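One structure is given below, encoded as structure tokens.
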Amino acid sequence: MPQQTQMKARSAVSMMSPAHSVDDHRVRPGSRESQLLLAQARNVAYAQAAQGQIGDGVSLLCDALVIDPSSVELLSDVGALLLSAGQLTDAALYAHRAVELDPNHAASLYTLGFALSGLGEIKSAIEVLTTLSQGEPLEAMLRDTPDLVPLVATELHRLQSAN
């Protein structure tokens, strides 16, 4: 990824620290502009991860989390990148925090379930993947990432058989 794109994303994140006065030109957290800048940071983080620079992507998302620590999407993205890097404990922590904020967030449930499975937390993984496999989380997964549905079903069956 070009260095210029990385710099723009970091710049965008730094612009979002809370404004201290009306004359301050920083972007206010939660504003439309803030959401667009966070989306840009997320896109750059995933592009970096796709190039094997997962640490840089995680770092960028963590910078953004300082500004918006209750962003389910950012927490979920950090967890997903950590899961892909094999950092299961940290992935589970970020995904768990996202699920605390939004118990039906399919991507976070996916990350949490697979991280727990990898950590050998079979009963907890079964519980999380079962939640993911029904109701609102299942509908979201079918809509957004239908190719993951059979993977979740297979893992859930494997875990139930091992339990």
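Laboratory data are not the source of any read-out in this text; all were calculated from the coordinates shown. Because the structure is a prediction, the values reported are computed rather than measured. Heads up, the Cβs are rebuilt from the backbone with ideal geometry, glycines too, and the neighbour counts pull from every protein chain shown.
Spacing of the modelled spin labels on D147 and K123, each 7 Å from Cα toward Cβ, amounts to 3.6 nm.
Any chance you could tell me what percent of the C-alpha pair distances in the stretch 60-163 go past 18 Å? More than 18 Å apart: 44 percent of the Cα pairs in the stretch 60-163.
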